[in-house]
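Report on one structure; see the data block that follows.
Taken together, the values in this text are just the output of simple stated rules run on the coordinates, not laboratory data. Since the structure is predicted, the reported quantities are computational estimates derived from the model, not experimental observations. FYI the Cβ positions are ideal-geometry reconstructions off the backbone, even for glycines, and counts take in every protein chain you see.
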Amino acid sequence: MAADPFRIRDHVADFDAIVGDIRACSLATRRTVIMEANIAYGTGRGETLDIFLPNSAGSDMPIHMFIHGGYWRMFSKEDYSCVAETITGAGAVAAIVDYSLMPTARMDILVGQVLKAKAFLLAHADRFGDTSKRFSVSGHSAGAHLATFLFHRSPAPSGVVAAFLLGGLYDLEPLQRSFLRDEIALNDEEVRRFTPMRHEHDPATRVAIMTGELETNPFKIQANAFKDILAAQGLKVRASHVEDGDHKSTVHDLAVVGTPMAAALRAFIVTSGGS
């Protein structure tokens, strides 16, 4: 039987080691970077985010929101605090967001939560030093999927200057035939409502779509298809592959200075309104 292309553990030999390193780096980030933890962006369980500030915090900093992956069913904001190192290094406020996990919560709850988190950050931008409300977002895997709902065409304007999507899932239908069928049990209505390829997006949002060169085919196919859809909708969009990168090494390297991934995210934030 062919390996499931969506079961990442089967395609990344050092999966556990990478996850362990990401968590260790995140713990170090939480100890060394200026932060405010567990800020409630809503009243529901788990509706919290962490804010990290650059060392040279000013009064006019942009905000960049990061949404973690894990196929909507695992990991937390604490596991991915390390990404704040690159975000704050680019002169932006880093907002690392938590959301409820499937299957206990369904997809409509998760999408609603990231929308609430965005609304909270824009409404309270002055609290974190951003007076111009320059707002960008990034996400990995399921987090990239959720990030797409922050820059829909309606209601307009979306408020998202730019979106950085890494290893994302933009067509949910194939997941119904994957190992996730038993883990999150996406139903037909969820596939219809929450497949990004079926939605209209804000033409004012600039989008970068990245996938690892060593990703399995569905991730590459979906990234290219979504790029074409966004371009047809009038968005400025660029898709690229990370040389020798797989689904876990790419997100790991977002926080590692000197790697192409960290450089790409930093440059993306700077050109989206960072310093």
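Sorting 186-198, 106-118, 243-255 by average packing, meaning the other beta carbons within 10 Å per residue, from highest down gives 243-255, 106-118, 186-198. Note on Cα extents along the principal axes in Å: of the candidates [x] 68, 46, 29; [y] 56, 41, 36; [z] 53, 42, 32, the value calculated from this structure sits at [y]. What does DSSP give for the stretch 8-271 in terms of the percent of beta bridges that are antiparallel, rounded to the nearest 5? Antiparallel bridges make up about 25 percent of those DSSP assigns within the stretch 8-271. Under the convention that each Lys and Arg Cβ holds +1 and each Asp and Glu Cβ holds -1, the size of the dipole of the chain around its Cα centre is about 640 debye. Straight-line cross-link partners of LYS236 among the aspartates and glutamates, defined as a Cα under 16 Å from its Cα and at least 8 positions apart when in the same chain: GLU200, ASP202, ASP228. Sorting 228-239, 135-146 by their mean Cβ neighbour count within 10 Å, with the most densely packed peptide first, gives 135-146, 228-239.
Assuming charge only on the beta carbon of Lys and Arg (+1) and of Asp and Glu (-1), the dipole of the stretch 158-209 about its Cα centre is about 160 debye to the nearest 20. Using a cut-off of 22 Å between Cα atoms, the listed pairs LYS77/LYS116; LYS220/LYS248; LYS77/LYS118; LYS116/LYS220 include LYS116/LYS220 as exceeding that distance. Take each peptide in 175-184, 65-74, 199-208, count the other Cβ atoms within 10 Å of every residue, and average; sorted highest first, the result is 65-74, 199-208, 175-184.
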